[in-house]
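Encoded as structure tokens, the structure appears first; notes follow it.
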Amino acid sequence: MTYFPEEVVEHIFSFLPAQRDRNTVSLVCKVWYEIERLSRRSVFVGNCYAVRAERVALRFPNVRALTVKGKPHFADFNLVPPDWGGYAGPWIEAAARGCVGLEELRMKRMVVSDESLELLSRSFPRFRALVLISCEGFSTDGLAAIASHCKLLSELDLQENEVEDRGPRWLSCFPDSCTSLVSLNFACIKGEVNAGSLERLVSRSPNLRSLRLNRSVSVDTLAKILMRTPNLEDLGTGNLTDDFQTESYFRLTSALEKCKMLRSLSGFWDASPVCLSFIYPLCAQLTGLNLSYAPTLDASDLTKMISRCVKLQRLWVLDCISDKGLQVVASSCKDLQELRVFPSDFYVAGYSAVTEEGLVAISLGCPKLNSLLYFCHQMTNAALITVAKNCPNFTRFRLCILEPGKPDVMTNQPLDEGFGAIVRECKGLRRLSISGLLTDKVFMYIGKYAKQLEMLSIAFAGDSDKGMMHVMNGCKNLRKLEIRDSPFGDAALLGNVAKYETMRSLWMSSCNVTLKGCQVLASKMPMLNIEVINEWDGSNEMEENHGELPKVEKLYVYRTTAGARDDAPNFVKIL
Amino acid sequence: MSVETKRSSTESSAASGLDFEDTALTLRLPGAVSEPDRKRASSDADADAEADQSTIAASAASSDAPPAPKARVVGWPPVRSFRKNALADVAGSSKAAAKFVKVAVDGAPYLRKVDLEAYAGYNQLLQALQDKFFSHFTIRKFADDERKLVDAVNGTEYVPTYEDKDGDWMLVGDVPWKMFVETCQRLRLMKSSEAHQEPFNDAYPMLVIMDGLKESRKLCPADVLLHVRHELVQLSSTAFGSLMVLS
């Protein structure tokens, strides 16, 4: 292979888009390393602190698409204190210096400032796509910069970010020359937008395929927009209350009729049930439906709509759908692949209208189901065993029983056998979240059977260190392990230290790990960052109690080539 | 394939050691497991069932209960704050106008504002206060329906109180939610210790006017509320409260 000209080798590499493969070929020899790094078009950084931004920019100067993830997953649930880190600034700055050909940037759980967005908008002449998921730290002024300066912008996708609202000006910043929009999602922007600007923007975007509006957009505006977008595939509605004249709704219906390509619907917000009937004609062609932000719809509203969605593959819904509603879903949506049932009552031991019966019904009716997120207030082993037999294709299985440590509601036993069945039958399982009353036995099953498992989330489970060690020793493909409120201590932490090199990260909070254990780990594994996170300054306490070391409240361990990070706040101690 | 739905489990109840609670008449399905202290959601929308946090940790029937200290169930259930806030916003949006009131927490350097119209009930409001101020607060509900916010760090208890249209400081939770939203002017999370002391004597000298005679007395408002019939008393909202007892 060394006698082939570089162009040929590069051409061969172009058939290897997957990052894993490209990493592998780059290890073969220096020549291949060079060819590969200069031709790499897409880089994925799963942990922004695993590697220095400058180093990535230096190694891959011709990168076109960059994806960076910041805070650990449990940050979604307020377990990571604010100001912990995950700043986008260094990445955008490094790319601005070294990778001017950048076209796409995707960031998740990062802190992005308006200044960074301004820099982004000015630094990359071919920039096309910005996707921000669960990020924070910026305002609509930052979006104004993106709109103003990114002449070739085709995708602006803002999913569930905390954005400070500084007025509707940003949407008007898209210049008249901007006609390249394919995807625009501003559902998470809380404030109003200028209806006229929005209509004009849509009018001059003939390639628009995906449009997700926020709650401020009226039915009237929506109807006008839809008249201009007959090729729309994905729509997030605005306001659908019946404060408006019925005439608006007739206009909406005739506009929707033209949207033959529409496959996915979301939004709804405080839609009144009456308005839903105007959407019924669309239902038969839908493959994706997100009703999880519509608490005003009750079970009968939901089932009337969903029973018409016979081609549905992806459904996100609130638990007010109830078990009966899920039975309707099971009998209507035979192609269902992904189901998410969210709680409408967020309190521990709160009431939920879905139980194990709804889940069993779904598993009976929808054998193609491969991805599940299910919040409920009770579960049984028998139900889980049935579900496992009916749906062996699960790749993602996340079950959250609202009350921590709740046993099988019929037998009062732990749910070990139920989850055991899931991992045994679903040989392709990559992601698993467990809940309810669980002993070390469930971890024995997971370690034994979940060979493809990449991500495991544990809460209020297990009896002893053995539990965690089953997982660390058995799950060969484990990349992310996150644990809260479980009795795993130093022995578990130190039971298989080499494993951490093969994993992206470990999170442990409210467990039994002590500072001493963390220090031992740090000394054995210098290529890891061991972050001890204490929101209150316990350092004085620690000096006083020599004999009995206090437990580490929150621990975040990750492999890194970057060493200790220099942007850590004072409540994070890096060993 | 179908799942056995037979629910007779008096045997298992006895085996688990659950006692008389199980034989009490309830609206649950027969045999559904109940935890001691746990109240099921009733028809009253405001009385969301909220088990005492300590029994949840303790009643994870395994003897090796999770090591989490009693009051710590932050971040559970695992739902993104974005989603929680968005649902709260949506639920509240059908109402006409927002009602923002100031919230003061004893010991915090600055006040916050919350929109009472955005919440459907007391539980959502307290959850929002928890999220806004400290992530390590938790809500503990006592048997007499009194709600307190507890700072799990140092065990300080805060009692939610509010000032109503008459200028009186009342305990949050007594009146129906809608009535509360209408009458509440501002909120104060008062340290529990303070609420039960008589500290006002020095800080808040009060002018007591009785039957046209002016007389300076030192009274704790709590005392007054206890001992004086409400319809006779008006507490004004000035910093030095004055008490008028009308004949």
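The values are calculated or read from the model by the stated rules, or taken from the named source; none is laboratory data. Being a predicted model, the structure only gives us computed values, none of them experimental. Methodologically, a virtual Cβ is constructed for each residue, glycine included, from the backbone with ideal geometry; neighbour enumeration extends over all protein chains shown. Ligands, DNA and RNA are excluded from the accessible area calculation, which covers all protein heavy atoms including side chains. Shrake-Rupley method; radii C 1.70, N 1.55, O 1.52, S 1.80 Å.
Before moving on, here are some points about what is shown:
- The requirement of being touching an Asp or Glu at 6+ places or on another chain (Cβ under 7 Å), over 22 Å from residue B:76 (Cβ atoms) and open to solvent by 10 Å² or more (accessible area, probe 1.4 Å) is not satisfied by residue A:337.
- All positions within region A:192-227 that are open to solvent by 10 Å² or more (accessible area, probe 1.4 Å), part of a helix (DSSP H, G or I) and among the aliphatic types (A, V, I, L, M): A:195, A:227
For (1) over 23 Å from the mean Cα position of the chain (by Cα); (2) among the acidic types (Asp, Glu), each residue gets a yes or a no:
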| site | (1), (2) |
| --- | --- |
| A:4 | yes, no |
| A:7 | yes, yes |
| A:50 | no, no |
| A:57 | yes, no |
| A:63 | yes, no |
| A:71 | no, no |
| A:77 | no, no |
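- Checking each residue of region B:115-122 against the condition of being at pLDDT below 80, under 25 Å from residue A:75 (Cβ atoms) and open to solvent by less than 60 Å² (accessible area, probe 1.4 Å) gives at least one match.
Matching residues to (1) over 16 Å from residue A:354 (Cβ atoms); (2) over 27 Å from the mean Cα position of the chain (by Cα); (3) modelled with pLDDT of 95 or more; (4) at the interface with chain B (Cβ under 8 Å from one of its Cβ atoms):
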| site | (1), (2), (3), (4) |
| --- | --- |
| A:376 | no, no, no, no |
| A:380 | no, yes, yes, yes |
| A:384 | no, no, yes, no |
| A:388 | yes, no, yes, no |
| A:391 | yes, no, yes, no |
| A:396 | yes, no, yes, no |
| A:399 | no, no, yes, no |
| A:403 | no, no, no, yes |
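- Only listed residue being β-branched (Val, Ile, Thr) and modelled with pLDDT of 95 or more, chosen from A:533, A:458: A:458
- Residues considered: A:194, A:231, A:185. Of these, the only one that is modelled with pLDDT of 95 or more and in contact with a Leu (Cβ under 8 Å, 6 or more places away or on another chain) is A:185.
- Annotation note: Cβ proximity below 7 Å between a residue of region A:463-486 that is within 14 Å of another protein chain (Cβ to nearest Cβ) and surrounded by fewer than 21 Cβ atoms within 10 Å (Cβ to Cβ) and a residue that is in a helix (DSSP H, G or I) and of a type in the set (D, E, K, R) (sequence gap 6+ or interchain) occurs for A:463/A:440; A:464/A:440; A:466/A:440.
- Filtering region B:143-186 to residues that are at pLDDT 70 or above, of a type in the set (A, V, I, L, M, F, W, C) and not in a loop (DSSP other than H, G, I, E, B) leaves B:149, B:159, B:169, B:170, B:171, B:177, B:179, B:180, B:181.
- Filter result (within 10 Å of chain B (Cβ to nearest Cβ) and over 25 Å from the mean Cα position of the chain (by Cα)) within region A:357-374: A:357, A:360, A:361, A:364
- Flag for residue A:330 being free of Cβ contacts under 8 Å to residues at least 60 places away in the same chain, within 14 Å of chain B (Cβ to nearest Cβ) and in a helix (DSSP H, G or I): yes
- Output for region A:405-458, where each listed residue is part of a loop (DSSP other than H, G, I, E, B) and more than 11 Å from chain B (Cβ to nearest Cβ): A:415, A:426, A:427, A:428, A:429, A:430, A:434, A:450, A:451, A:452, A:453, A:454
- Test for residue A:367: is it open to solvent by 10 Å² or more (accessible area, probe 1.4 Å), in a loop (DSSP other than H, G, I, E, B), of a type outside the set (Lys, Arg) and at pLDDT 95 or above: no
- Summed over region A:512-535, the residues that are more than 25 Å from the chain's Cα centre (by Cα), farther than 29 Å from residue A:20 by Cα and open to solvent by less than 30 Å² (accessible area, probe 1.4 Å) give a count of 6.
- Meets criteria (farther than 18 Å from residue A:437 by Cβ, hydroxyl-bearing (Ser, Thr, Tyr), within 13 Å of chain B (Cβ to nearest Cβ) and open to solvent by less than 10 Å² (accessible area, probe 1.4 Å)) for residue A:344: no
- Any hit, region A:291-302, residues being open to solvent by less than 10 Å² (accessible area, probe 1.4 Å), within 20 Å of residue A:409 (Cβ to Cβ) and more than 12 Å from chain B (Cβ to nearest Cβ): no
- Of the numbered criteria (1) touching a His at 6+ places or on another chain (Cβ under 8 Å); (2) of a type outside the set (Val, Ile, Thr); (3) closer than 23 Å to residue B:82 by Cα, the one residue A:72 fails is (1).
- Number of the exception - residue A:490 against (1) open to solvent by 10 Å² or more (accessible area, probe 1.4 Å); (2) farther than 24 Å from residue B:74 by Cβ; (3) in contact with a Lys or Arg (Cβ under 9 Å, 6 or more places away or on another chain): (2)
- Where a residue in region A:145-168 is under 18 Å from residue A:180 (Cβ atoms) and touching a residue at least 12 places away in the same chain (Cβ under 8 Å) and its partner, wherever it lies, is among the β-branched types (Val, Ile, Thr) and assigned to a helix (DSSP H, G or I), with Cβ under 8 Å and at least six apart: A:153/A:146; A:156/A:146
- Considering residues of region A:135-191 that are under 21 Å from residue A:108 (Cβ atoms), open to solvent by 10 Å² or more (accessible area, probe 1.4 Å) and among the hydroxyl-bearing types (Ser, Thr, Tyr) only, the residue nearest to the other protein chains (Cβ to nearest Cβ): A:183
- Filtering region A:417-431 to residues that are open to solvent by 10 Å² or more (accessible area, probe 1.4 Å) and either under 17 Å from residue A:356 (Cβ atoms) or of a type in the set (Gly, Ala, Ser) (or both) leaves A:417, A:425, A:428.
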